[in-house]
Amino acid sequence: MSPIDSLKKGLDRLSQLDSLYESEMPQPSSSLFEAARYHFNNPGKSFRAQLALSSGDALSQNQKDSLHWAAACELLHNASLIHDDISDASTHRRGQWSINHKFGPDMALCLGDWMVAKAFELASRNHSHGGQLAALLANAMQDTCSGQSSDVKQSRCATLSEWQTIARGKTAPLLAAPIKGAAISADLETNLDRVDELVALCGLAYQGRNDINDIVPSTHRSCDLDGRKPNLVVSLYADTDEAHKQCFHQWYTSQDQDCVRKWQKSIASSDAIATANEFVDKWLEQADLLVSLLPQQLQSVASGLISSVKLTAVLEQQEQTA
């Protein structure tokens, strides 16, 4: 298949995904209808759905089952975003008002819960593997919740080891599930632990790049420093900058918000940025080495995932230096 044909097929599948969302929307008589329609006006990149669809294509999965699984994975991710915005009191998501801000936290909580329920319903529609897919979603959701519960205001700065545990928990489960679910549907369940390992490395690299972007450039205020949230660069700075270590830890455990920009500038000009970039590169190199250990049918999907994380890193670095 040529790159143009592949692109056309991908766009067609995303169009089918949008149509599925529309057909599965809460009833117009439901108070959830307006909030759901507003949310799906801008469904985002649907990255997890694309992972599920590309995995399904690679494994010759039934297209209807593949579409339902893709929607299930994407809905579970979207539910986590809506609930995150309640927790963080975020006003925007994907360039528009967050559900929490526009419709209130109660409606946002209900819409997120509805998405969770719909995700499990869609997964269960697979007649041969519905139970296994529902169990996979449940495990992914539990792991994500455990990781997310650690990503709250910290009483102290997370160590590098703690940061890695939190980053894996937040990111990896809902990235691995789309691939593993397609494999389960195709009765291909060997070497799936390698999928978890590779996706975890991609998750670390992706989150690490986000954390760098939160600190640099220092012309914008760091959300992570402001909210005392785990951040790779901050953890590295707190552990290695001997000249400021004690003062920084004292400030970090305080309630002071006035010195966020001062510490952000200090961190942005420190060696922690270069070290964080080295970690991101190392994790991606390790992920590359795992591709050949996956089932052959999934190797192109894994390579595509790694490439997309690398591309994100390059684009964000270009934005920082522009």
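Could you work out the longest stretch of the chain that avoids the GluC sites (Glu not before Pro) located in DSSP loops with at most 14 other Cβ atoms within 10 Å?
Free of exposed loop sites, the longest segment is 1-188.
Kindly list the residues of segment 205-225 that lie in the label zone of SER269, defined by a backbone N under 18 Å from the point 7 Å along the Cα-to-C-beta vector.
Within reach of a label on SER269, which here means backbone N under 18 Å from a point 7 Å along Cα→Cβ, segment 205-225 contributes 215-222.
Using only Cα atoms, find the angle between the long axis of helix 296-321 and the longest principal axis of the chain, and express it within 0 to 90 degrees, rounded to the nearest 10.
40
If you take the beta carbon distance between GLU189 and SER60 as r and set R0 to 22 Å, what does 1/(1 + (r/R0)^6) give as a FRET efficiency, to the nearest 0.05?
The calculated FRET efficiency here is 0.90.
List the aspartates and glutamates whose Cα lies under 17 Å from the Cα of LYS180, skipping any in the same chain that are fewer than 8 positions away.
ASP57, ASP65, GLU74, ASP143, GLU189, ASP193, ASP196, GLU197
Once you order the gyration tensor axes a ≥ b ≥ c over the Cα atoms, which shape class does segment 107-252 get: rounded for a/c under 1.5, otherwise prolate or oblate by comparing a/b with b/c?
Prolate, since a/c reaches 1.5 and a/b exceeds b/c.
Count neighbours as other Cβ atoms within 10 Å of each site's Cβ, and list the trypsin sites (Lys or Arg not before Pro) in segment 125-229 that are DSSP loop with at most 10 such neighbours.
LYS153
Of the listed pairs LYS262/LYS310; LYS170/LYS282; LYS102/LYS262; LYS229/LYS265, which have alpha-carbon separations greater than 27 Å here?
LYS262/LYS310; LYS102/LYS262
Please report the relative contact order for the chain, taking Cα pairs under 8 Å with a sequence separation of at least 6, and give it as a percent rounded to a whole number.
That works out to 17 percent.
Among the trypsin sites (Lys or Arg not before Pro) in segment 33-99, which ones are in a DSSP loop with at most 16 other Cβ atoms within 10 Å of the Cβ? Mind listing them?
LYS45, ARG94
Give me the tail of P(r) for segment 213-321 as a percent: Cα-Cα pairs with distance above 20 Å.
Above the 20 Å cut-off, segment 213-321 has 49 percent of its Cα pairs.
What spacing in nm lies between the two simple spin-label points modelled at HIS220 and LEU311, each 7 Å away from Cα in the Cβ direction?
2.1
Could you put CYS157, CYS247 in order, starting from the residue whose Cβ has the fewest other Cβ atoms within 10 Å?
CYS247, CYS157
At what distance in nm do the modelled label points of GLN148 and CYS247 sit from each other, each positioned 7 Å from its Cα along Cα→Cβ?
3.8
Values quoted throughout were computed directly from the atomic coordinates according to the rules given, and no laboratory measurement underlies them. None of these values were measured; they are calculated from a predicted model. Cβ sites come from the backbone with ideal geometry, for glycine too, and all protein chains shown count toward neighbours.
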